[in-house]
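Quick notes on the structure that follows.
Every read-out reported here was derived from the displayed coordinates using simple, explicitly stated rules and does not represent laboratory data. From a predicted model like this one, the values you see are computed outputs, not experimental measurements. Quick reminder, even Gly has a Cβ in these numbers, built from the backbone with ideal geometry, and neighbours come from all protein chains shown.
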Amino acid sequence: MEIGFNVASKGSLATLENVVKMAQTGEDMGFDIVGVSDHVVVPKTIDSMYPYSDTGEFAERFGASSASGQYMDQLTTLSYIASITSRIRLLTSVMVLPYRSPVLTAKMLSTIDVLSQGRLIVGCGIGWMKEEFEALGVPPYEERGAVADEYLKVFKELWTNENPSYEGKYCSFSDITFAPRPVQTPHPPLWIGGESPPALRRAAALGDAWFPICSNPRFPVGTIAQLAGYMERVRDNARKIDRDPDTMDFAYSVNWNNDLEAQIVNGERRILTGTPGQIVEDIKKLEDMGVRHLMLNLQEDTIDKAMAKMYRCAHNIRSLL
C-alpha cells in the first residue's frame with residue numbers, strides 16, 4: 001500500500017517554509033505520495049454546495065479560512081516540490097479539469113513528469129464550485145462532465161501520438177509537434193475522482209485508477225462494504241466497454257481526521273479511525289480489496305500539529321504495516 005498526504009495549499013499554512021517542511025519530512029519518513037489540491041480563485045460568496053459534507057457547510061469554511069484569497073497554484077507548487085524531493089510521487093489531488101485549457105495543461109503536466117523523472121500522478125475531477133467556473137471564464141459549469149471527458153482524451157492524444165490531432169466541441173488542433181512527452185509510458189497515471197455514476201463510468205473508460213473520497217453523503221463509500229460495492233460497479237463499467245477489469249487500479253482518499261480516537265457514526269466505527277491497530281486492520285482490508293494507494297488527512301490548523309500527526313502516522317501506523 002502506498003500512503004500519501006497533501007501539503008497545505010490555502011490560507012495561513014500555505015507558505016514556502018511549510019510546503020518545504022511537510023514535503024521533505026514526509027519523504028524522509030517514507031511516505032510515498034505528496035498531493036496538492038486545486039483552486040485558482042476564492043470567490044467571496046459561495047452558494048455552491050460542497051459535495052463532501054452533509055450540509056454543504058464546507059463552502060462557508062472555505063471562504064472564511066481563505067478570506068485573504070491565498071491559494072497556491074497546484075501545478076506550480078508540484079513543480080517546486082519536484083525540485084526539492086527525489087523519490088516521493090507527486091499527485092494532483094485533484095486537478096479540476098475544466099479550469100485550464102487542455103493543450104497547455106498537457107504541456108505543464110508533461111514537463112512536471114520530465115523534470116521529476118517520472119513521478120507525476122494526475123488525479124482529476126470535474127469540480128463543484130460554480131462561482132469559480134464563472135470567475136475563470138471556462139466552459140459552462142453545467143457541461144463540466146463532457147468537458148472533462150474531452151480534455152482527458154486530448155491529454156492522451158498529445159502524450160502518446162507522434163502526430164497529434166483532435167477535433168472536438170471544446171478543443172481542436174492538428175499539424176503540431178508536442179514535446180517533451182512524459183517520461184512515464186504510455187503517460188502519467190490518470191486517477192479519476194468522484195463517486196457519482198458518471199464518475200464511475202469515466203474512471204472505467206478513461207482512467208487508470210478510480211480515486212474516491214470517503215465522505216460523499218449522496219454516494220457513500222465510507223465503509224469497507226460501501227467501497228467494495230462501488231469498486232465492483234467500476235469493474236462492471238469496464239466489462240461493459242470490453243475493458244479487462246483487472247487493468248483497473250484503485251486509490252482512496254480519507255478526508256476526515258484519521259487519528260487515535262475512534263469516530264462512531266450510526267453505531268459503526270468510521271474507517272481509518274481508532275487505535276493504530278484498528279487503522280492498520282482497515283488498511284490491510286483495503287489492500288485485500290485491491291486498493292493500492294491511500295491518501296490520509298494530515299491537515300491541522302497549525303504546522304506543528306500537522307507535523308505531529310505526520311510523526312504519529314509514520315511511527316504508530318506505518319511501522320505496523
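What is the range 147-205 by shape, rounded, prolate or oblate, if you read a ≥ b ≥ c off the alpha carbon gyration tensor as root eigenvalues and call it rounded for a/c under 1.5, prolate for a/b larger than b/c, and oblate otherwise? Intermediate values should be presented prior to the final figure.
Values: a/c = 3.42, a/b = 1.50, b/c = 2.28.
Judged from the Cα gyration tensor, the range 147-205 comes out oblate (a/c at least 1.5, b/c at or above a/b).
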At 222 nm, what value in deg cm²/dmol follows for the chain if DSSP H runs of at least 4 each add -39500 (n - 2.57) and the sum is divided by all its residues, to the nearest 500? -12000 deg cm²/dmol
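If you rank H293, H315, H39 by fewest surrounding Cβ atoms within 10 Å, what's the result?
Details: H293 24, H315 12, H39 19.
Neighbour counts put them in this order, fewest first: H315, H39, H293.
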When the chain is fully extended, how far beyond the present Cα-Cα distance does I84 get from R312, taking 0.36 nm per residue of separation? 79.7 nm
Distance in nm between pseudo-label sites at A225 and T177 (7 Å out along the Cβ direction from Cα): 5.9 nm
Taking the Cβ of each residue in R318, R235, R202 as the centre, tally the other Cβ atoms inside 10 Å and list the residues starting with the fewest. R318, R235, R202
Separation of alpha-carbon centers, the range 160-183 and the range 77-153, rounded to whole Å: 17 Å
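I need the peptides 223-229, 263-269 ranked by packing, meaning the mean over residues of other C-beta atoms within 10 angstrom, with the highest value on top.
223-229, 263-269
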Residues of the range 84-124 with amide N under 16 Å of a point placed 7 Å along Cα→Cβ from N161: 102-104, 106-107
Mean Cβ neighbour count within 10 Å, used as a protection proxy, ranking 193-201, 297-305 highest first: 193-201, 297-305
Descending Cα extents along the principal axes, the chain, whole Å: 58, 45, 41
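Taking only Cα atoms of the range 207-321, what ratio of Rg to Rh do you get with Rh as the Kirkwood inverse-distance radius? Provide the component values of the computation, followed by the final result.
Values: Rg = 15.2 Å, Rh = 15.1 Å.
So for the range 207-321, dividing Rg by the Kirkwood Rh gives 1.01.
Using a Förster distance of 30 angstrom, determine the FRET efficiency expected from the C-beta separation of E17 and S319, and round it to 0.05. All intermediate terms of the calculation are to be shown ahead of the outcome.
Numbers: r = 28 Å, r/R0 = 0.92.
E between E17 and S319, to the nearest 0.05, is 0.60.
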Given backbone amide H placed at 1.01 Å from N, residues whose amide H is under 5 Å from that of L298, ignoring those fewer than 5 places away on the same chain, are N6
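Based on DSSP, what percent of beta bridges with both residues in the chain are antiparallel, to the nearest 5?
On the way: 5 of 34 bridges.
Within the chain, antiparallel bridges account for around 15 percent of the total.
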I'd like the distance between the alpha-carbon centres of the range 192-218 and the range 263-307, rounded to an integer number of Å. 20 Å
Using only C-alpha positions, report the orientation-averaged shadow area of the convex hull of the range 116-189, nm², one decimal. 5.8 nm²
Using Cα positions and a limit of under 21 Å, work out the lysines in reach of K153, with same-chain residues fewer than 8 apart set aside. K107, K169, K240
Please report V94, V280, V41 as a ranked list, fewest other C-beta atoms within 10 angstrom at the top and most at the bottom. V41, V280, V94
